[in-house]
Amino acid sequence: MATAKVLFLALISLVALQQALINASFASNTKCTWGYDNCQINDDRVKLILNKWSGAAIEGYNQFIYGYIDMRIKLVPGNSAAVVTTYYTSSEVKTKNDDHDEIDFEFLGNLTGGDNYYTLHTNIFVNGVGNREEQFRMSWYDPTSDYHHYTIFWNPYMVVWSVDGNVIRVFRNYNDQGIPFPKYKPQRVYSSIWNADDWACQGGKVKTNWTYQPFVANYLNYQEKSCLYTKHKSVKHCNHPSNWYFNAQYKQLTQAQLNTMNSIRNQYLVYNYCTDTKRFNGNFPPECSKPQY
Ligand SMILES: *[C@@H]1O[C@H](CO)[C@@H](O)[C@H](O)[C@H]1NC(C)=O
Ligand SMILES: *[C@@H]1O[C@H](CO)[C@@H](O)[C@H](O)[C@H]1NC(C)=O
C-alpha cells in the first residue's frame, strides 16, 4: 500500500513538473545569445536593440513539445525600414541535414507615412522545410504605439498564430495524409532584432537609415504554458491525450474565431504561398487544398 501511494504521488508530481506555466519573467526564463550590449533583460521586460554595431537575440531556457506561448511586443517606432524583429519557436537547427521545426512571426519594418505599414510575416518549417509564408499588412492597429499580444498555440491538432487574441492563421495536422506536422522535436522560444536591408523592405529597395538608430523593440510579460521536454520520454508524455491541449475545445476554431480570422485575412492578407501560382508552377504543396481551421 505504502509503496503504491508513494509511487502514485511521484507520478502526480512528475506530471505536474512537466507542465510548465511561466508568467512574466524574462530574467529567469531567457538569456541573451547575440549582441550582449544590445539585450536588456529586466524581470518581465526586455529591450532588443539594433544599432550600427549589432543586433540582438534572446532564447528561452525551456524546451517543450506543444503549448501556448504569448509575447507582448511594442515594435520599433518611426522609420524602421529594413529592421526585422522576430519572435518564433524552433527546434535545434543542425548545419548538416537540417530537419528542424519552426513556427514564425517576423515583423518587417517600413518607412513612415502613406501606405508604409509594417508587414507581418508568418511561416512554419517542418523537418527543415519552410516555404509556407503568409504575410499581412499591419494596418488594423499601430504595432509601435503600444504592446500587442502575439501568440503561438501548438497542439497535436494544429498550429495557430494570433494577434491580440484574434486568430490570423492556422496550419492543421494532416500528418495522416502524408503532410508533415511538428510532433516529436522539442522547441524553444526565440526573439531577435536585426538588419535585413538586402531583402526586407520593399524587396530590398529601401535600406536601413542609420540616422534613426538605435532601433528598439520592447517586450513585456512573456507567458508560456507548455509541455516541458526534459528527456526522451517527454516525447511520449507530451503526445499523451491526458494533456490539457488535447481537450475537445482545442481541436478546432470556434465559429466566432473563424469569422474573425476570415475577416482579418480578407482585408489584410497580402501574400499567401498557397495562391502563388508562379512560384509553384501549379503544383501547390498538398496542405493548400485542405481546410485550415
Ligand atoms: C512597406 O510599404 C510599402 C508601401 O509603401 C509596401 O509595398 C510594403 O509591402 C511594406 N512593407 C515592407 C516590409 O516593405
Ligand atoms: C535618412 O534620414 C534622414 C533624415 O530624415 C534623411 O535626411 C536621409 O536622406 C535619409 N537617408 C537615406 C539613405 O534615405
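Observations on the structure shown:
- Angle in degrees between helix 2-17 and the longest Cα principal axis of the chain, rounded to the nearest 10: 10 degrees
- Mean residue ellipticity at 222 nm, helices only, the chain: -4000 deg cm²/dmol; runs of at least 4 DSSP H residues each add -39,500 (n - 2.57), and the sum is divided by the number of residues.
- Each Lys or Arg adds one and each Asp or Glu takes one away; over the other residues whose Cβ falls under 10 Å from the Cβ of Y190, this sums to -2.
- Whole-Å distance, taken between Cα centres, linking the stretch 50-107 and the stretch 240-260: 25 Å
- Here the extension length gained between W140 and T33 equals 35.2 nm, from 0.36 nm per residue of separation less the Cα-Cα distance.
- The chain: most fluctuating residue of E224, E133, E59 per GNM, C-alpha cutoff 10 Å: E133
- Hull-based mean projected area of the chain, where the convex hull spans the alpha carbons, in square nanometres: 17.7 nm²
- Set of aspartates and glutamates near K231 by C-alpha distance (under 16 Å), chain-local residues within fewer than 8 positions excluded: E92
- Cross-link pairs beyond the 27 Å C-alpha cut-off, checked among K31/K52; K74/K207; K52/K205; K74/K233; K52/K96: K74/K233; K52/K96
Each value in this text was obtained by applying a stated rule to the coordinates, not by laboratory testing. Note that the coordinates shown come from a computational prediction; the quantities given were computed from them, not determined experimentally. No Cβ is skipped: glycine too gets one built from the backbone with ideal geometry, and neighbour counts run over all protein chains shown.
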